[in-house]
1. Based only on other Cβ atoms within 10 Å, what is the fewest-to-most ordering of B:Arg217, A:Arg228?
2. Under 5 Å between amide hydrogens, which residues at least 5 positions from B:Lys181 or on another chain qualify, with H placed 1.01 Å from N in the peptide plane?
3. Given the stretch B:63-218, report the % of alpha carbon pairs whose separation exceeds 18 Å.
4. With both partners inside the stretch B:61-218, how many of the DSSP beta bridges are antiparallel, as a percent to the nearest 5?
5. Describe numerically, in nm with one decimal, the distance between label points set 7 Å from Cα along Cα→Cβ at A:Arg71 and at B:Asn34.
6. Show that you can apply the helix-only estimate: for chain B, add -39,500 (n - 2.57) for every DSSP H stretch of four or more residues, divide by all residues, and state [θ] at 222 nm to the nearest 500.
7. Between the stretch A:169-205 and the stretch A:44-113, how many Å separate their Cα centres?
8. Please give the helix A:103-115 orientation as an angle from the longest Cα principal axis of chain A, in degrees from 0 to 90, rounded to the nearest 10.
Amino acid sequence: MAGLNKVVTSYEEAMAGLSDNMTIMVGGFGLCGIPEGLIAQMVSMGTKGLTAISNNAGVDDFGLGLLLKHRQIETMIASYVGENATFEKQMLSGELNVILTPQGTLAEKIRAGGAGIPAFFTATGFGTPIAEGKETREIEGRHYVLEPALTADFALVRAWKSDTMGNLVFRKTAANFNPMMATAGKITVVEAEHIVEPGELDPDHIHTPGIYVNRIIQGVFEKRIEQRTVQAAV
Amino acid sequence: MALTREQMAQRVSQELKDGFYVNLGIGIPTLVANYIPHDIHVMLQSENGLLGMGAFPTEDAIDADLINAGKQTVTAVDGASFFSSAESFAMIRGGHVDLTVLGAFEIDVEGSIASWMIPGKLIKGMGGAMDLVAGADNIIVTMMHADKKGNSKLLPKCELPLTGFGCIKRVLTDLALMEIKDGAFHLVERAPGVSVDEIKQKTAGQLIVPEHVPEMRL
């Protein structure tokens, strides 16, 4: 039974094997649904030359912004990089290599990577700079761009609940890129808000089956909010 | 008078139909949510993984796990669903969203749109905009007709890097509602008190003006 108990008890164990120049996927949309403790662990490890795949790059002092600040990321694959001054500075100076990718294409590249699909055609980006140098094809009168799949050495995922076997449940919009990334890492590490025993999660309600998951760690989250917007209480 | 941002949102809201699933982009499009007629039921899609976006939360209901595509804290309405980014863009790319409203820097007579970068000045990234314009059939672009110096943003050909090629059929500016077809802008309505001459003068791309151009009703 121990073979399928994937819970580790330290962040060192959770990120063991990460080395310079690896490719990582990091779940989250803005600061929502990011694996905070796994990011902090990479900062303390000081791993360099990383290729990071994530929808955004965090903010200057939180999320992936921390890895940028310490110049640990060499290439960033993302769809949106606004609201991060460090990012913009490193990109404009050429210090950081940035591959901007449309959000839906990014999600599908990761989904495809996890599902063993090497590439797919999408209409997204046809006729734009994104399509430059890529194969295109006309199918039934529409134009499509061939987009290769993405995989990573490590996929870092935040889940709401995980059982000890790695069956995952996400919460609200904290799911975002996490479910696809969980499938596309050679090593998928889950930082969970709650770890429960097998059988406690309803199999009908599991978003990500445990087969994709290699390590699970109990996380503690700050859950910082990027744009706090409220209405007056009625 | 040119339309205010709120009036633009109000005009767009007249295009909403009962039963629509709608994606509203950042900026003026977001304001459309404030003008949804009370007698129709629409569901707002937020591409970060929410169908059925509600109002901003009250202070005690803020949830860091519940945000919109502009990263603002929001709520979910009854009947809402949450899903992954891949699922979200399956909806968008697959043409399941009934109406998409988004902003732009420039638009041209071929229906091409530029909205994600100004070389040397600003790079924010395209986010979901490229997928939205490629996937949706029914799109309304909301934008200013001209910049502050009076330079038209409705061009014979976009000068900035494109978000989408030949995919926009309707544009609402602060001055006019136009359709784009057969390589020209076609004037449909003008903002209250705005003359056809002013619209002509601020439209760099070819503009077709019908005999009668009604004023918008707000």
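1. The order, fewest Cβ neighbours first, is B:Arg217, A:Arg228.
2. Those qualifying (amide H under 5 Å, at least 5 residues apart or on another chain) are B:His186.
3. 62 percent
4. Taking every DSSP beta bridge within the stretch B:61-218, about 55 percent pair in antiparallel fashion.
5. Computed distance between label sites A:Arg71 and B:Asn34 equals 4.6 nm.
6. Helix-only estimate at 222 nm: -4000 deg cm²/dmol.
7. Result: 23 Å between the Cα centres.
8. 60 degrees
Values quoted throughout were computed directly from the atomic coordinates according to the rules given, and no laboratory measurement underlies them. In this text, all values refer to a predicted model and were calculated from it rather than measured experimentally. Cβ coordinates were reconstructed from backbone atoms using ideal geometry, including for glycine residues, and neighbour counts include every protein chain displayed.
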